[in-house]
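Engineer: Sharing a structure, written as structure tokens. Questions coming.
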Ligand SMILES: Nc1ncnc2c1ncn2[C@@H]1O[C@H](COP(=O)(O)OP(=O)(O)OP(=O)(O)O)[C@@H](O)[C@H]1O
Ligand SMILES: [Mg+2]
């Protein structure tokens, strides 16, 4: 099939400037939804990390991510022909409180590209001030940009719905946070960056026509089945609730803490969005709070599923003028309460290597979580070691992780009994595909960041390779799959980014 991304032709001689096909459908919503503006340039940009696999998926030439023109364009220093840069307006509830109008304060949407994976929006995060920057400087620092770049690809590698990251470019331009840092820009992609907060904005401003236009746009592009429903907007709320439920089950199963689940950070497509103070659990602590700015633990690991429901409730309220009937809205939200536990249980069964469902599985999963919590066991290492556990053998490497051996032995007996009828090869295969060896632990990100600050980007590259295939063994790279060092617990990740 011939696409706009095929090998260069005489009409399109430079691989750095492929004939990108822009659609820019969001811009078609009209001026109430955004402000058109160009990104602000940064001096002397350089590459920090490049995701060639994603570039290929998007149908871009390999050389595209090598060229100086692309570097300039994705740092915001040079326009890309056909793009239509804009910052969108949204609102949100932050830490449970209505925050009023927000918007893309440092992210600029270049537009939407036609790609072999369907239309994809291209956004530059950290590309300068916009009318929605409020007190912010419109910038993102190198540290947080590397974290976002690596984590979005890690989540994708884990099979979790997420925005993606094509590259990070840096500049030595100074950015003031707690200390002086340097600037960076992450080029992100997603079918859409629309958040719950976009709907809240038009609802709270009492703009029903815009609210309806936005809902119709989202339905037409992403939830076309809802159009056929008796109440399309209630159907939309239900579909978003279900996607969010699947995303939350995936987070909980892998031990991912998001850290800032405000409604402006909830994607209408059920994608993980805004990688700020996130963390993959080291020792299993259900009440773990990864965001040092989250004083009351609103977004602690074990509260995330309820917070997602709270956020969906806000979306439901925002959609009420369209749904009209409160009963329909509540019924649509109910789906979260059934889909989330089912999806979580399915994921946990896979982690335990149980291909079929059994009525005692819920109890086994509960007792596994309790055991991990009381022994503060490393979450990722436990599950990976468990892949070698059978009813007859492989207990030792798992037992070594526990100090309360009596409880472990009781649990191991319960698990062994459940495993008895399961085919060993099938179990191992399922578990090795469900329990990653590599996750982006805080200390791994931190080491890559420290090296990157000295202009050594090799660890960013290495981590990207490992995290894009986190279930594979990667011989020779075991040091990236080990226990966190003692200093890892002193890493303080806050909202500052
Ligand atoms: N340095 C900054 N300059 C301008 N606006 C900012 C800055 N940091 C955050 N904001 C804005 O503050 C609000 C909340 O920020 P939050 O940290 O949730 O988002 P973010 O990390 O900037 O981006 P995103 O959600 O797009 O990944 C958003 O409207 C965001 O654009
Ligand atoms: Mg945000």
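Rule-based calculations on the coordinates, nothing more; no lab input. Only a predicted model underlies this, so the values are computations on that prediction, with no experimental measurement involved. Every residue, glycine as well, gets a Cβ built from its backbone with ideal geometry; the counts of neighbours run over all protein chains shown.
Engineer: With the cut-off at 1.5 for a/c, could you classify region 403-461 from its C-alpha gyration tensor as rounded, prolate or oblate?
Structural biologist: In terms of gyration-tensor shape, oblate.
Engineer: Still on this structure: Going by the alpha-carbon gyration tensor, a ≥ b ≥ c the square roots of its eigenvalues, is region 352-434 rounded (a/c under 1.5) or, if a/c is not under 1.5, prolate (a/b greater than b/c) versus oblate?
Structural biologist: Values: a/c = 1.56, a/b = 1.33, b/c = 1.18.
Prolate is the answer for region 352-434, as a/c is 1.5 or above and a/b outweighs b/c.
Engineer: Continuing with this model, one more query. Can you bin region 343-391 into rounded, prolate or oblate? Criterion: square roots of the alpha carbon gyration tensor eigenvalues sorted a ≥ b ≥ c, rounded for a/c under 1.5, prolate for a/b above b/c, oblate for the rest.
Structural biologist: Numbers: a/c = 1.85, a/b = 1.31, b/c = 1.41.
It comes out oblate by the Cα gyration axes.
Engineer: A further question follows. Under the 0.36 nm per residue contour assumption, what length would be gained going from the current alpha-carbon distance of residue 399 and residue 63 to full extension?
Structural biologist: 116.0 nm
Engineer: So, by mean Cβ neighbours within 10 angstrom, what's the order for 112-118, 455-461 with the highest one leading?
Structural biologist: Ranking the peptides 112-118, 455-461 by packing returns 112-118, 455-461.
Engineer: Take the alpha-carbon centre of region 204-226, take the same for region 244-279, and report the distance between them in whole Å.
Structural biologist: Cα centroid to Cα centroid, the span is 23 Å.
Engineer: Using the basic label-point model (7 angstrom from Cα toward the beta carbon), what is the residue 97 to residue 228 distance in nanometres?
Structural biologist: Using points 7 Å along Cα→Cβ, the separation is 4.6 nm.
Engineer: Here is a further query. Would you mind ranking 108, 491, 194 by Cβ crowding within 10 Å, fewest neighbours first?
Structural biologist: Going from least to most buried by this count: 491, 194, 108.
Engineer: Shifting gears a bit: Order of 19, 274 from fewest to most other C-beta atoms within 10 Å?
Structural biologist: Neighbour counts put them in this order, fewest first: 19, 274.
Engineer: Let me ask another. Can you give me the relative contact order of region 26-196 as a percent, contacts being Cα pairs under 8 Å and 6 or more apart?
Structural biologist: About 25 percent, as a whole number.
Engineer: For region 26-196, what mean projected area does the convex hull of the alpha carbons give, in nm²?
Structural biologist: Here the figure is 10.2 nm², rounded to one decimal.
Engineer: If you don't mind, another one. Over region 352-434, what is the relative contact order in percent, taking alpha-carbon pairs closer than 8 angstrom and at least six residues apart?
Structural biologist: Reported as a whole number, the value is 46 percent.
Engineer: Okay, moving on. With angles folded into 0 to 90 degrees, how steeply does helix 232-254 sit against the dominant principal axis of the chain? Use alpha carbons for both and round to 10.
Structural biologist: Here the helix axis deviates by roughly 50 degrees.
Engineer: Kindly express, to the nearest 10 degrees and within the range 0 to 90, the angle between helix 208-222's C-alpha long axis and the longest C-alpha principal axis of the chain.
Structural biologist: Roughly 60 degrees, rounded to the nearest 10.
Engineer: With a 10 Å Cβ neighbour count serving as the proxy for reagent exposure, in which order, fewest first, do 438, 46 appear?
Structural biologist: Lowest to highest Cβ neighbour count: 46, 438.
Engineer: Could you give the angle, 0 to 90 degrees to the nearest 10, between helix 424-434's Cα long axis and the longest principal axis of the Cα atoms of the chain?
Structural biologist: 30 degrees
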